[in-house]
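The values are calculated or read from the model by the stated rules, or taken from the named source; none is laboratory data. On a predicted model such as this, the values are computed, not experimentally measured, just so you know. Note that each Cβ is placed from the backbone with ideal geometry, even for glycine, and that neighbours are counted across all protein chains shown.
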Amino acid sequence: METSQGFPEQEAAAEHGQQEAAAEHGQQEAAAERRQQETEEERRQREAVRKRHIALRGAMTAEEVRQKSGMVCARLLASDWYEESGTIYGYYPLGKEVDPLPFLAQALLDGKTVALPVSEKADCRMEFRRITSLSQVAEGNFHVMEPEKTCPLIQAEDAVVIVPGVVFDRTGNRYGYGRGYYDRYFARFPGLRRMALAYENQMEARLDVFKTDVRMEHIYTEKTIY
């Protein structure tokens, strides 16, 4: 006699996929509405803030980047959540971004599951692939080092995400490079914890943001945690 065992699981998986697709579609519609509402003056102001902070970061010496990144990594390793976290999503630094690689290397040694992002230009979609070594990378889109295609995709909904950015404010607001990759990803997986890394020269008192801009839980700098 045939049974229906397994069907509820299949239906649940299909429903989850439909929900994820609907959430992503809603985020895309919201982003389009945001662009329509943004005035040319607002766009210029946001771009001016980005350019100023990219220039400040670009003026840092390699030694400054190394020292300050090391201080940030030490704060991450000493954080309350690190010991309890089994999965950490990191990033490979571009240019003079805060370098989280020493932290990720220690996480691998400590038996954590570590993943890095891969991005698609066509639909501004981002996913994460698991790595077991920091050498499992190759240059991808935007000249960012990404996991090799042989690394498995991962979607852990209880991960801690280490987030880069261009500029932040003290309440957790963030400007990236303006493409919305992380905002879209966090809209798909709202339960992920969001820990941003920045230098003190990347901090502003206040940033003007949209409702679709996802706020960070904490921001780690070389001096403090916001």
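Test THR212 against the stated conditions and say whether it is under 19 Å from ARG46 (Cβ atoms) and in contact (Cβ under 8 Å) with a residue 40 or more places away in the chain. Lay out the reasoning, then the answer.
Numbers: under 19 Å from ARG46 (Cβ atoms): yes; in contact (Cβ under 8 Å) with a residue 40 or more places away in the chain: yes.
Yes.
For the stretch 150-192, which residues satisfy the criterion of being over 30 Å from ALA205 (Cβ atoms) and not in a loop (DSSP other than H, G, I, E, B)? If you could, list the steps in order and put the result at the bottom.
Taking the stretch 150-192 and keeping what is over 30 Å from ALA205 (Cβ atoms), we get 150-159, 188.
Of everything in the stretch 150-192, those that are over 30 Å from ALA205 (Cβ atoms) and not in a loop (DSSP other than H, G, I, E, B) turn out to be LEU153, ILE154, ARG188.
Which of the residues that make up the stretch 193-226 are part of a loop (DSSP other than H, G, I, E, B), of a type in the set (A, V, I, L, M, F, W, C) and closer than 18 Å to PHE103 by Cβ?
Result: ALA198, MET216.
Given (1) over 19 Å from HIS53 (Cβ atoms); (2) in contact with an Asp or Glu (Cβ under 6 Å, 6 or more places away or on another chain), where does PRO164 come up short, assuming only one miss?
Unmet for PRO164, out of (1) over 19 Å from HIS53 (Cβ atoms); (2) in contact with an Asp or Glu (Cβ under 6 Å, 6 or more places away or on another chain): (1).
Let's see how each residue does on (1) closer than 18 Å to PRO117 by Cβ; (2) over 13 Å from the mean Cα position of the chain (by Cα); (3) at pLDDT 95 or above:
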{"position": "GLU157", "(1), (2), (3)": "yes, yes, no"}
{"position": "VAL161", "(1), (2), (3)": "yes, no, yes"}
{"position": "VAL166", "(1), (2), (3)": "yes, no, yes"}
{"position": "TYR181", "(1), (2), (3)": "yes, no, no"}
{"position": "ARG206", "(1), (2), (3)": "no, yes, no"}
{"position": "THR221", "(1), (2), (3)": "no, yes, yes"}
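Can you tell me which residue in the stretch 84-107 is farthest from GLU63 (Cα to Cα), limited to those that are surrounded by fewer than 19 Cβ atoms within 10 Å (Cβ to Cβ) and among the polar types (S, T, N, Q)?
Going through the qualifying residues, I end up with SER85.
What are the residues in the stretch 87-133 that are closer than 25 Å to ILE54 by Cβ, in contact (Cβ under 8 Å) with a residue 40 or more places away in the chain and in a strand (DSSP E or B), if any?
Of everything in the stretch 87-133, those that are closer than 25 Å to ILE54 by Cβ, in contact (Cβ under 8 Å) with a residue 40 or more places away in the chain and in a strand (DSSP E or B) turn out to be TYR89, PRO117, SER119, ARG125, MET126.
Select from the stretch 45-86 the residues that are of a type outside the set (S, T, N, Q), within 23 Å of ILE225 (Cβ to Cβ) and not in a helix (DSSP H, G or I) and list them in ascending order. Let's see the steps before the verdict.
Initially, the stretch 45-86 is screened for residues of a type outside the set (S, T, N, Q), giving 46-60, 62-66, 68, 70-78, 80-84, 86.
Adding the requirement that they be within 23 Å of ILE225 (Cβ to Cβ) leaves 49, 53, 56-57, 60, 64-66, 68, 70-78, 80-84, 86.
Scanning the stretch 45-86 gives MET60, ALA78, GLY86.
Is it fair to say PRO164 is touching a helix residue (DSSP H, G or I) at 6+ places or on another chain (Cβ under 9 Å) and without any contact (Cβ under 8 Å) to a residue 60 or more places away in the chain?
So PRO164 fails the test.
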